[in-house]
Structure formats: structure tokens, C-alpha cells
Amino acid sequence: MTRMENLQPDLEEQTRQDARYQAAMASINRSKMEREKSGYVVMSAAMNYGEGALGDGLFGKVSHAAKLFMIAFACALPVMFVWAYLL
């Protein structure tokens, strides 16, 4: 038969292991929650940018002007290369 004082170290070890398990699970859940939060932030930023860029406000006008400039630059770049290297 086992005496009660012989079981005390086993109970303390089990309690310590339970506390360690709970701390590890809490850490895992926190990291999952942080990853999920950052995903929501990225999606929210992308959606707000799209709505703002297509709107009629100042940001929409600047975005439209930037698009037109990039199109014009892409059309003018080959001509500039020809002038610079072939002529």
C-alpha cells in the first residue's frame, strides 16, 4: 500500500505540468488571434484603398492622375530608349 506522503510529489508535479500546459495553450491561442487580427487589418486596408481610389475625392483624383502618368510613361519609355541608344 502506498502512503499519502509518497503521493505528494506526484500531485505537485501534475499541478506544475497542468499549469505549464495551460500557459502553452494560452500562448498558442494568443498567436492565432494575432495572426487573425493582422489578416483583418490587411483586408480592411485593401478594401478602403480600393473604395478611396475609385471615389470622387482628392485621393481618387490623385490616384487617377497617377494611373494616367504611368500609362503615358510606359508609352514614352520605348521612344526614349530609341533616342538614347540608337540615335
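The values are calculated or read from the model by the stated rules, or taken from the named source; none is laboratory data. Keep in mind that what you see is a predicted model, and the values were worked out from it rather than measured. Cβ sites come from the backbone with ideal geometry, for glycine too, and all protein chains shown count toward neighbours. Accessible surface is based on the protein model in full, side chains and every heavy atom, while ligands, DNA and RNA are left aside. Shrake-Rupley method; radii C 1.70, N 1.55, O 1.52, S 1.80 Å.
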Give all pairs with beta carbons closer than 6 Å in which a residue from the stretch 48-72 that is aromatic (Phe, Trp, Tyr) meets a residue that is surrounded by 11 or more Cβ atoms within 10 Å (Cβ to Cβ); count only pairs at least 6 apart in sequence or on separate chains. Phe59/Gly52
If we ask which residues in the stretch 16-47 are of a type outside the set (Asp, Glu) and open to solvent by less than 90 Å² (accessible area, probe 1.4 Å), their number turns out to be 15
Go through the stretch 48-66 residue by residue and tally those that are open to solvent by 60 Å² or more (accessible area, probe 1.4 Å) and either in a helix (DSSP H, G or I) or hydroxyl-bearing (Ser, Thr, Tyr) (or both). 8
